[in-house]
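What follows is a short report on a single structure.
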Amino acid sequence: MKQEASTTCKAPMDGVQCKFEYLEHTADVYIVAYGSDILELFSNAGLALFETMTDISRINEKVKKVIKALGFDLESLLYKWLEELLILYYSENIMCREVVAEKIEVRRVTDGVEYELLGFCSGEEFDLSRHIPRIEVKAVTYHLMKILLSESTWKAYFVLDI
């Protein structure tokens, strides 16, 4: 399924042409998010999740929620980050206009390393009288998920189950 990224693509800056793009997929939503660093990459992936579900430009920043995710590598960290954002929507009906990954810590644990991501999102409760629903995202998947660094641009590929 291909969607238009609406206002998500911006003029090129620092080698990053847009925050994210929708890619071709037969049944689900396939996204590539971009970032000039890993934190911007995770922030833009979060924006892509909410933009898939509604036009985030119509969301007001009334509440701020802290988001924490743990992973054993960058892909599992991205999965958990997006899953925590989706849980926020399904548990509190909060749609976010701004998603910011503030800090990633890497800790040694007994069987390897653990990544911890701390960030926040700002938004409001989804209201059908003011917000236009797009696609209902049921889950984040590991299908086709990968994170790449090419030259100075980070890319995260992931699929949202609809």
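Read the figures in this text as sums done on the coordinates, not as results from a lab. Fair warning: this is a prediction, and the values are worked out from it, not measured in the lab. Backbone-built Cβ (ideal geometry, glycine too); neighbour counts: all protein chains shown.
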Tell me which GluC sites (Glu not before Pro) from the range 67-162 have a DSSP coil assignment and no more than 11 other beta carbons within 10 Å of their own.
Glu136, Glu151
Length-normalised contact order for the range 6-161 - Cα pairs under 8 Å, 6+ apart - percent
28 percent
Taking the C-alpha atoms of the range 33-109, how large are the radius of gyration and the largest Cα-Cα span, Dmax, in Å?
12.6, 42
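Tally Lys/Arg at +1 and Asp/Glu at -1 over every other residue whose Cβ is under 15 Å from the Cβ of Glu102; what's the total?
-2
Out of the range 56-162, which chymotrypsin sites (Phe, Trp or Tyr not before Pro) are coil in DSSP terms and have no more than 15 other C-beta atoms within 10 Å?
Answer by residue number: Phe72.
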Pairs to check: Lys68/Lys103; Lys80/Lys155; Lys65/Lys155; Lys62/Lys103; Lys62/Lys155. Give those whose C-alpha atoms are more than 21 Å from each other in this structure.
Lys65/Lys155; Lys62/Lys103; Lys62/Lys155
Just rank His143, His25, fewest to most, by other beta-carbon atoms within 10 angstrom.
His143, His25
For the chain: span of alpha carbons on each principal axis (Å, largest first)
50, 31, 31
